[in-house]
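Notes to accompany the following structure.
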Amino acid sequence: MNETIYWTARPSQWSLLLHYGVAAILIGGGIIINPLMAQWSSQAGLAGVQPGLWLCALGAIYALWQFLAVRSVCYTITEERLLDESGVLNRITDTLELYRVKDTQVSQPIWLRPFGLGDIRVESSDRTTPTVILHAVSKPKAAATIIRDRVEEMRTRKGVREFD
């Protein structure tokens, strides 16, 4: 693919603030209950069993998985396409031809706005993926403008008009 890339972005880790909070609670809870549970397990004849450490490990694994899941996502706008790549273990690339785009919508939820982040919802006439949402991207209004400009260029180049 020898297309010019006009924009590329990844979702921000700030979008996972709630998930990281849950992981912190699991890790903190594990640290707090580990001495208590260790004493109880030794009295119950289960010496060496440390459920608090398992809870800490669960929280750490959960946080790591969430980090990797968001880190593996990449959005790219080329001359002709919008590419949405994702997947930690298995990669999936969803391709949307820009001349099929009907509408874009930018939303900036209150928890993302302080960081200059927002979501872009792209509606299209594509049969397999009629809606693509670009989550927690930086400068979403500028990215939506790039999408709109590229859509108009592709429609003009291909002689396509959108009918409702």
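The values are calculated or read from the model by the stated rules, or taken from the named source; none is laboratory data. For clarity, every value in this text was computed on a predicted model and none was experimentally measured. So basically every Cβ, Gly included, is an ideal-geometry build from the backbone, and we count neighbours across all protein chains shown. Surface areas here come from the heavy atoms of the whole protein model, side chains and all, with no ligands, DNA or RNA. Shrake-Rupley method; radii C 1.70, N 1.55, O 1.52, S 1.80 Å.
Extension gain, Ser125 to Thr156, is 9.5 nm, computed as 0.36 nm per intervening residue step minus the present C-alpha separation. Pick the calculated semi-axes √(5λ) of the Cα gyration tensor in Å for this structure from [x] 46, 15, 11; [y] 31, 18, 13; [z] 29, 20, 14? Label [x] holds the value from this structure. Helix 51-71 and the longest principal axis of the C-alpha atoms of the chain enclose an angle of approximately 10°. For the chain, the longest principal axis of the C-alpha atoms and the axis of helix 17-43 are separated by about 20°.
Given +1 at the Cβ of Lys and Arg, -1 at the Cβ of Asp and Glu and no other charges, the dipole of the chain around its Cα centre is 200 debye to the nearest 20. Heavy-atom accessible area, probed at 1.4 angstrom with all protein chains present, ranks Glu3, Glu153 as Glu153, Glu3, highest first.
Among the protein heavy atoms, those of Leu16 account for about 10 Å² of accessible surface (1.4 Å probe, every chain in place). Accessible area ranking (1.4 Å probe, heavy atoms, ligands and nucleic acids excluded), largest first, for Leu26, Leu68, Leu58, Leu89: Leu89, Leu58, Leu68, Leu26. Would you give the gap between the C-alpha center of region 117-148 and the C-alpha center of region 1-24, rounded to a whole Å? One Cα centre to the other: 13 Å.
The fraction of accessible area contributed by carbon and sulfur in region 1-143 is 62 percent, rounded to a whole number (1.4 Å probe; ligands and nucleic acids excluded).
Ordered by solvent-accessible area of protein heavy atoms (1.4 Å probe), largest first, the residues Arg127, Arg150, Arg100, Arg157 come out as Arg127, Arg157, Arg100, Arg150.
Ignoring aspartates and glutamates fewer than eight residues from Lys139 along the same chain, the ones with Cα atoms less than 12 angstrom from its Cα are Asp119. Take the Cβ atoms of Thr95 and Gln13, set R0 to 30 Å, and the FRET efficiency comes out at 0.70. Taking all protein chains into account, the per residue accessible area for region 70-164 stands at 58 Å² (1.4 Å probe).
Label separation (Phe115 vs Asp103): 2.8 nm, computed from points 7 Å beyond Cα along the C-beta direction. Segment Glu3..Val88, full-extension length gain: 28.0 nm, with 0.36 nm per residue of separation and the alpha-carbon distance subtracted.
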